[in-house]
Amino acid sequence: MKKITFIIIIAFFSTTLNAQDSLNDLIPDKDEIWNWTIKKPAETFSSGKLYSFIPEDTDLFTEYGFEEAITCAYRNSMANTIRIDIFKMTSEKAAFGIYSFKALKKKKVTAIGDESALYDYYIDIWKGNYYFRVTANNKHFGMIDTLLLFAGFVDNKILTTGKRPALVSLMKDSLKYNNIKYFKGIVALDQIYQFGHGSIVGFSEGVAGKKDRATLFIIGYKDFRTAREWIAAAKGKFKHYDDLYSNFELQEKGWSISDKTGTPVSFMPYDRFLLIVKGKEWEKAVKDFEKTRNILEN
């Protein structure tokens, strides 16, 4: 009898967890938001079908770690529409990474989710291992309130929360850089700056932030040995990239180059990291390197 009861308890909790993990449970049903009906039934997308949903971003989402997505459109009596797009990622870091690329510089921060970015007619939200966007068909008076109503509904349904990756907090809180992007691969990194020919590869994670006209990159490898091997290869490639870079010069603890636009780019390896400053000559970049190293040491 005890064995049967134990099995029943396991089955109950398994069903509960599955229900919480169902993306359909995160969106409003036809009668849950007053005056709004479902315009088009919800559609879900697995990793194999993601391209048919977001062809331009499939590689980006896959690189971070994508599990499943759902989209659903709603309509009211005034023919206004609201659309919800939810992406379940493999981790909170993956979800934050996508959010960091989607959230634009000029945004209004709200209390929804772990972080959110509100614009004229849509809102981007990161919460736990989910990234979602709620979009209205116009920015007329009253639609923003409705937009936030739908966003709050999804927010309340997601039971998990997340923390920003440590490198992001370091760059934002300690180094005071802004417009921070968190990346886990070349697809995302290339959207920030194309170093060229697979020179910056083999890393496990990285961040990039802007201050004035300069961009600071902190690129982290699995361990010191891995970093040493990949950084040595990168250094050799930059030295011979005549088509992309010029003025290669060895510096104390690093090297510097100029890209094809004439912008200076400086590099300094440190422990399992490669520190890069784009937009400053070596003498000025060193100050950023030293400050970053001091913070990483602590």
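Nothing in this text is a laboratory measurement; each read-out follows from the coordinates by a stated rule. Since we're looking at a predicted model, the values are computed, not measured. Reconstructed Cβ throughout: ideal geometry from the backbone, glycine too, with neighbour counts over all protein chains shown.
Values as computed for the structure displayed
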item: Length added when fully stretched, ASP59-SER22, from 0.36 nm per residue minus Cα-Cα; result: 10.9 nm
item: The range 166-297 shape via C-alpha gyration tensor axes, a/c threshold 1.5; result: rounded
item: Label-point separation, ASP190 to PHE224 (7 Å along Cα→Cβ), nm; result: 3.4
item: Within a Gaussian network of the chain (alpha carbon springs, distance under 10 Å), most fluctuating of SER256, SER199, SER22; result: SER22
item: Cα-based convex hull volume of the chain per residue, rounded to whole Å³; result: 181
item: Using alpha-carbon coordinates, inclination of helix 143-157 to the longest axis of the chain, degrees; result: 90
item: Among GLU115, GLU92, GLU252: highest mean-square fluctuation, GNM of the chain, C-alpha pairs under 10 Å; result: GLU252
item: Cα centre as origin, Lys/Arg/Asp/Glu Cβ charges: the chain dipole, Debye; result: 400
item: Residue order, fewest to most beta carbons within 10 Å, for PHE248, PHE101; result: PHE248, PHE101
item: Long-range amide H partners of GLN251 with built H, under 5 Å; result: SER256
item: Rounded tilt (10° steps) of 282-297 against the dominant C-alpha axis of the chain; result: 60
item: Euclidean distance between Cα centres, the range 103-131 to the range 158-182, Å; result: 14
item: Relative contact order of the chain, defined on C-alpha pairs under 8 angstrom at six or more residues apart (%); result: 11
item: Among GLY128, GLY209, GLY254, residue whose mean-square fluctuation peaks in a GNM of the chain (springs only between Cα atoms under 10 Å); result: GLY254
item: The range 166-297: relative contact order as a whole-number percent, Cα under 8 Å and 6+ apart; result: 20
item: Inter-centroid distance (Cα atoms) of the range 221-243 relative to the range 44-64, Å; result: 31
item: Helix-only mean residue ellipticity at 222 nm for the chain, each DSSP H run of n ≥ 4 adding -39500 (n - 2.57), per residue, nearest 500; result: -10000 deg cm²/dmol
item: Degrees, to the nearest 10: 2-21 long Cα axis against longest axis of the chain; result: 70
item: Percentage of interatomic Cα-Cα distances in the range 2-157 larger than 28 Å; result: 24
